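Everything on this sheet refers to the single structure shown next.
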Amino acid sequence: MSKWEERLSPQVRSIAPSGIRKFFDIAAKMEDVISLGVGEPDFVTPWSIRESCVYGLERGYTSYTANRGTPELRQEIANHFKRRHDLTYSAETDILVTVGVSEALDLALRTVVSPGDEVLIPEPCYVSYQACTILAGGVPVNVAAKIDNEFRITPEELEPYVTPRTKVLLIGYPNNPTGAIMERSDLEKLADFAEKYNLIVISDEIYGDLRYSGSDHICFAQLPNMQDRTIVLNGFSKAYAMTGWRIGYALGNPEIIAAMTKIHQYTMLCAPITAQMAAVEALRHGEKYMKKMVAEYNRRRKLIYDGFKKMGLDSFEPKGAFYIFPNITSTGYTSSEFAEALINSEHVALVPGTAFGQSGEGHVRCSYATSIDKISEALARIENFLKNHKK
Ligand code: PLP
């Protein structure tokens, strides 16, 4: 260990850099790469949303906002949850606007986790869940969701991991990286479980609007007795193609939101003002654009799912988000070997399943938030790779 490395905090030393970024760096040095690696819409933010930011700048809106976010945006978020989920949140006390869901996740964990508290995390899951838990001083307890159950998590699977230190259940459905969703009946069982063990639930619902199953997204706070114990995280990055605007939010009971606001106040102060104005426009008038983008993702989803099936790579049919998680064990490669060999020989970037937890071994994550032409070309290249590279 170098002299500076040994002076780093043990928490920071114990977390690895994101396994997603590694493949971006390889891809960045190559020409003719097709990337199925990034979890980012290929659409530009709809014009009316961009325009509201331009007008904001023209009118001189360049200041800080209230720590919790502008009253307009908080009120729109409250209206949205009333309309969409029949949930009542006070714009005054129950909503905090953050710099992306990333910040909301970090704040939620830092607010409720004391040193040594255990956080139950179904995996495979988004790369930040374990890392942010560790940075908050907590202990991530990973519980593998099974493909046989369409990557849904059940209380029976979680129960053996409960200890007196278990404090939080951290879930993310629709799921990154598997594309799994949870139906109301699945969530109701988790709600009973949360109540039985008096857990705080952090529910990352950033992909809530990206569903293709026909059934509606249920917000975890909608379930009986769950609103008070649930911190709902959501944002604009995925559904409105607004990753670069960095706007997310947390909803919860007034005490927890006030405590999260304290950290936000000292570390971030507020989210950018013009991005908050754009978010207001997204909630007021953006739904029609969002629905068009979701319809297009659905077309791409079908293409990529059929493509993998035809070439003999088993895959769970994703029902939400914009990822597919095919099983590559038939090739004889590990997830990492597969991803590395594929990018080097066919210039197709995807992410090894292990970037999302050990239970992701044997899978790779492909994002289909890219054009039909690129997906078709990537599928042809992957098929070619399989012909030439069976181990
Ligand atoms: N949660 C999940 C499940 C994600 O996939 C992502 C981004 O990929 C985030 C949170 C972070 O989103 P944001 O851009 O709002 O910080």
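My understanding is that a pair violates if its Cα-Cα distance is over 22 Å; which of Lys82/Lys288; Lys82/Lys291; Lys29/Lys319; Lys302/Lys374; Lys22/Lys387 do that in this structure? Walk me through the numbers before you get to the answer.
Values: Lys82/Lys288 19 Å; Lys82/Lys291 19 Å; Lys29/Lys319 33 Å; Lys302/Lys374 14 Å; Lys22/Lys387 26 Å.
Distance filter (> 22 Å) returns Lys29/Lys319; Lys22/Lys387.
Looking at the chain alone, DSSP beta bridges between its own residues are antiparallel in about 40 percent of cases.
Coupling constants for region 270-282 follow from the phi torsions by the Karplus curve (6.51 cos²θ - 1.76 cosθ + 1.60, θ = phi - 60°), and in residue order they are 6, 7, x, 5, 6, 5, 5, 5, 5, 5, 4, 4, 4 Hz; glycine and proline get x. Exposure proxy shown here: for Ile147, Ile34, Ile328, the number of other Cβ atoms within 10 Å sets the order, fewest to most, as Ile147, Ile34, Ile328. Working from label points 7 Å from Cα in the Cα-to-Cβ sense, the Asn298 to Ser215 distance is 1.7 nm. Rg and Dmax, both from the Cα atoms of region 296-391 and both in Å, are 12.2, 36.
Calculate, in whole percent, how much of the Cα-Cα pair population of region 1-99 lies beyond 19 Å. Taking all Cα-Cα pairs of region 1-99, the fraction more than 19 Å apart is 71 percent.
The ranking of His264, His347, His85 from fewest to most other beta carbons within 10 Å of each one's beta carbon is His347, His85, His264.
If packing is taken as the mean number of other Cβ atoms within 10 Å per residue, what is the order of 181-193, 301-313, highest first?
Numbers: 181-193: 18.7, 301-313: 17.0.
Result, highest mean Cβ count within 10 Å first: 181-193, 301-313.
Rg then Dmax, both in Å and based on the Cα atoms of region 47-285: 17.4, 57. Near the amide H of Val143, within less than 5 Å, lie the amide hydrogens of Ile121, Glu123, all on another chain or at least 5 residues away, with H placed in the peptide plane.
Using alpha carbons only, the radius of gyration of region 95-167 set against its Kirkwood radius gives Rg/Rh = 1.00. Remark: Trp47, Trp245, Trp4 ranked as Trp4, Trp47, Trp245, counting other beta-carbon atoms within 10 Å and listing the fewest first. Annotation: peptides 281-293, 222-234, ranked by per-residue average of other Cβ atoms within 10 Å with the highest first, follow the order 222-234, 281-293.
Ranked from highest to lowest mean number of other Cβ atoms within 10 Å per residue, what is the order of the peptides 267-274, 349-356?
On the way: 267-274: 16.9, 349-356: 25.6.
Answer by packing, highest mean first, reads 349-356, 267-274.
Among the lysines, which fall within straight-line cross-link reach of Lys196, defined as a Cα-Cα distance under 24 Å, with same-chain neighbours fewer than 8 residues apart omitted? Here the lysines satisfying the reach criterion relative to Lys196 are Lys146, Lys167.
Taken together, the values in this text are just the output of simple stated rules run on the coordinates, not laboratory data. Please read these numbers as outputs of a predicted model, since none were measured by experiment. With ideal geometry, Cβ positions are generated from the backbone for all residues, glycine too; neighbour counts draw on all protein chains shown.
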